[in-house]
1. Take the residues in the range 276-303 that are touching a helix residue (DSSP H, G or I) at 6+ places or on another chain (Cβ under 6 Å) and of a type in the set (S, T, N, Q), then tell me which one is most open to solvent (accessible area, probe 1.4 Å).
2. Could you please find all residues in the range 129-145 being assigned to a strand (DSSP E or B) and either of a type in the set (S, T, Y) or open to solvent by 60 Å² or more (accessible area, probe 1.4 Å) (or both)?
3. Identify, by number, the condition in (1) open to solvent by less than 20 Å² (accessible area, probe 1.4 Å); (2) closer than 30 Å to I163 by Cβ; (3) in a helix (DSSP H, G or I) that A271 doesn't meet.
4. Taking the stated definitions as given, is A217 outside any helix (DSSP H, G or I), away from the ligand (no atom under 13 Å from the Cβ) and crowded, with 24+ Cβ neighbours inside 10 Å?
5. Residue by residue through the range 176-212, note down the ones that are near the ligand (Cβ under 10 Å from one of its atoms) and in a strand (DSSP E or B).
6. So in the range 332-350, with the set limited to residues that are within 30 Å of I252 (Cβ to Cβ) and open to solvent by 30 Å² or more (accessible area, probe 1.4 Å), which one is farthest from the ligand (Cβ to nearest atom)?
7. If we keep just the residues of the range 74-110 that are of a type in the set (G, A, S) and more than 12 Å from the ligand (Cβ to nearest atom), which is farthest from Y226 (Cα to Cα)?
8. Scan the range 351-371 residue by residue and report those that are hydroxyl-bearing (S, T, Y) and surrounded by 18 or more Cβ atoms within 10 Å (Cβ to Cβ).
Amino acid sequence: MTHDHNWNDARFETRAIHAGQDPDTATGAVITPIYQTSTYAQEAIGELKGGYEYSRSDNPTRTALQTALASLEGGAWGLAYASGLAATQNISYLLRPGDHVLLSNDTYGGTFRLFDKVLTNYGIEMSLADLSDLDEARAAIQPNTKLVWVETPTNPYLRIIDIAGMAELVKGRDIRLVVDNTFASPYLQQPLGQGADLVLHSTTKYLGGHSDVVGGAVIGNDEVVYETLKFHQNAAGAVPGPMDCWLTLRGIKTLGVRMERHSENAAKVAAWLSEREAVERVYYPGLPSHPNHEVASRQMTSFSGMVSFTVRGGFEVAAKIVENTKVFTLAESLGGVESLIEHPGKMTHASVAGTGAEVEDTLIRLSVGIEHVDDQIADLDHAISIATSRQLIGAATRSAD
Ligand code: P1T
């Protein structure tokens, strides 16, 4: 399988369908085949037929995915991994003992756990700061800082970090700026064009888009970094299987239309929640009241499908809401066509407990899917009324005592 045509001049939606995905040269198959093989016949010792030797090192279905990912992020290269965290681990191989990593204080719990509980055992130092505040970010950079790890929008508070501002801040220093672009997807935001050195994805989310595969990716432009990461992709071996690569490619083809609808629905859900008595605060970068709305409007083309909110009445009310929706399934993860709801404090961000980066226990996170928005809103309305009417009944009973 070869990729003769360079699709990089085509528009995003065209690249999503064609980049790295030319018809198979061996058979004409229009859709990239799942090369379900671990190894490849050699003509003579070390003489490869089609450039492939062993599927941990390379596999044609993975090559197609990597080419597509690079094209969508506007990078020179892409590398795919078994999960988003495997991709994060791979980037950590750029570090040496004594190096320091600065992370946003609002970051996916698993990313925080990898730096805090695993990489610190190997001499990597880390600290947290609110990177949506550039002055705080500047003050938090240390002489041994080698990576600044930006997630934007952040998980779960949907803060926006100014990518171009952060790039300016690390310029001229021996620091790499990594942007975890999972919540936005390359359709809405392309960090390399705004000065980031590397882009990371949990392809499990919007890129895969159907909650049927776990994967990760790193995209960049620097060839020396590529050689190091590519070496470790093979040497450490956390690679995705061909079926997983194929599912991710299949998802990527519809990324543009899905992100349009995710964003449209989430904007309506966020506006509706903002008007509810039971809702204390809504976090959505598309709301003009969001503190980073201006930065979001500058660096994203729309605001994606993630909405977080806090409720009045404590943990009990939050728990009742997440346990009483039907269109929104109570589950971790995000970015699929179906809506999900979760309690970050007890679920995705349980690993930040006791670290100072905790989330409120009245916080609920929504991954707004592409079902009809009226059904999504009716579902939330129903769950909120169950949760709050129980609270009212409880209050009435207490006052009658
Ligand atoms: O789950 P995995 O594919 O390993 O990706 C980790 C990851 C990395 N970055 C971000 C921004 C993420 O949200 C995640 C995974 N997040 C969830 C499972 C979640 O529900 O938030």
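1. T301
2. T145
3. With (1) open to solvent by less than 20 Å² (accessible area, probe 1.4 Å); (2) closer than 30 Å to I163 by Cβ; (3) in a helix (DSSP H, G or I) applied to A271, the lone miss is (1).
4. Judged against the criteria, A217 is not a match.
5. Within the range 176-212, D180, L200, H201, S202 qualify.
6. The qualifying residue farthest from the ligand (Cβ to nearest atom) is V337.
7. Ranking the qualifying residues of the range 74-110, first place goes to G98.
8. T362, S367
The values are calculated or read from the model by the stated rules, or taken from the named source; none is laboratory data. The model shown is predicted, which means the values in this text are computed figures rather than measured ones. Glycine also receives a Cβ, built like all others from the backbone with ideal geometry; neighbour counts cover every protein chain displayed. Just so you know, the surface numbers come from the protein's heavy atoms only, side chains and all, with ligands and any DNA or RNA stripped out. Shrake-Rupley method; radii C 1.70, N 1.55, O 1.52, S 1.80 Å.
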